[in-house]
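To start, the structure under review is shown below, and the notes come after it.
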Amino acid sequence: MKFAVIVFPGSNCDRDVAYVTRDILQQPTRMVWHQDTDISDIDVVILPGGFSYGDYLRCGAIARFSPVMSSIVEHAQKGKFVLGICNGFQVLTESGLLPGALVKNRDLHFICDRVTLKVERNDLPWTSCYKQVEKITLPIAHGEGRFYADDQTLNELENNNQVVFRYQGENPNGSLRNIAGICNGKGNVLGMMPHPERAADGILGSTDGLKLFRGLLESVLLGV
């Protein structure tokens with residue numbers, strides 16, 4: 001299974017993600033510069049966290065126009081897997097691959113902390129290693145992580161079972177309906193504000209995030 005980690009100017013979590021896919025999971029991993037367009041050999045595209053293009057205009061607003069994004073949209077439309085983490089989630093909403101928007105945190109402060117999440121569904125390849133409604137702990141680090149959408153969009157997300165992760169207990173940023181991560185209708189595109197790659201190695205004190213990557217890998221390899 002071959003992973004691509006997209007590198008935008010200002011990405012700073014790209015090597016962290018590659019460490020998980022390449023070194024922990026032992027899977028072929030290619031760092032793809034934002035100006036490259038050929039990802040035809042890739043099975044899973046990951047848009048990492050960071051500050052793409054310095055977060056000018058708004059987070060993800062410029063990155064969505066990078067040459068690689070048209071290839072990623074095509075990749076997703078073919079049913080292949082795309083994961084956006086933090087800034088990557090923002091890019092996915094800006095590009096229209098996921099609904100809604102990520103806006104400034106409720107208290108207008110940058111938040112760097114660990115949060116408790118509830119796994120809303122475990123029938124996706126992404127979440128197949130989790131138990132239904134399992135509580136997990138992942139780090140967050142963002143200034144514009146509050147998920148926002150109009151009522152119609154929120155209701156559609158709920159009715160279509162597209163909410164994958166919710167903040168459990170204290171909502172750190174004011175996200176509507178405690179949403180921390182969503183998928184598209186097919187379930188092959190996932191966006192989340194918390195950082196699973198920062199909880200994927202025992203040396204960091206938690207491997208709750210590794211289950212996300214391992215679940216995807218095992219589901220695909222087993223043909224689930």
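Every read-out reported here was derived from the displayed coordinates using simple, explicitly stated rules and does not represent laboratory data. Since the model is a prediction, treat every value here as computed from it, not as a measurement. Please note: Cβ atoms are built from the backbone with ideal geometry, for glycine as well, and neighbour counts cover all protein chains shown.
Quick look at the values:
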{"item": "Cβ-Cβ FRET estimate between residue 114 and residue 40, R0 fixed at 45 Å, reported to 0.05", "result": "0.75"}
{"item": "In the range 21-105, chymotrypsin sites (Phe, Trp or Tyr not before Pro) in a DSSP loop with at most 15 other beta-carbon atoms within 10 Å", "result": "56"}
{"item": "Pairwise FRET efficiency - residue 220 versus residue 132, Cβ, R0 = 22 Å, nearest 0.05", "result": "0.60"}
{"item": "Ascending count of other beta-carbon atoms within 10 Å, so fewest first, for 85, 182, 39", "result": "39, 182, 85"}
{"item": "20 Å cut-off, amide nitrogen to a point 7 angstrom out along residue 106 Cα→Cβ, residues in the range 173-203", "result": "173-182, 192-195"}
{"item": "Trypsin sites (Lys or Arg not before Pro) lying in DSSP loop within the range 24-76, provided at most 13 other Cβ fall within 10 Å", "result": "none"}
{"item": "Taking the chain and dividing mean pair separation by its residue count, relative contact order in percent (alpha carbons under 8 Å, at least six apart)", "result": "19"}
{"item": "Residues 109, 195 arranged by fewest to most Cβ contacts within 10 Å", "result": "109, 195"}
{"item": "GluC sites (Glu not before Pro) lying in DSSP loop within the range 136-224, provided at most 10 other Cβ fall within 10 Å", "result": "170"}
{"item": "From the coordinates shown, Rg and Dmax of the Cα atoms in Å corresponds to which of (1) 15.7, 44; (2) 23.4, 87; (3) 19.9, 65", "result": "(1)"}
{"item": "Residue exposure sequence - 167, 19 - by fewest surrounding Cβ within 10 Å", "result": "19, 167"}
{"item": "Residue 159-residue 19 pseudo-label distance in nm [points 7 Å out on the Cα-to-Cβ vector]", "result": "4.4"}
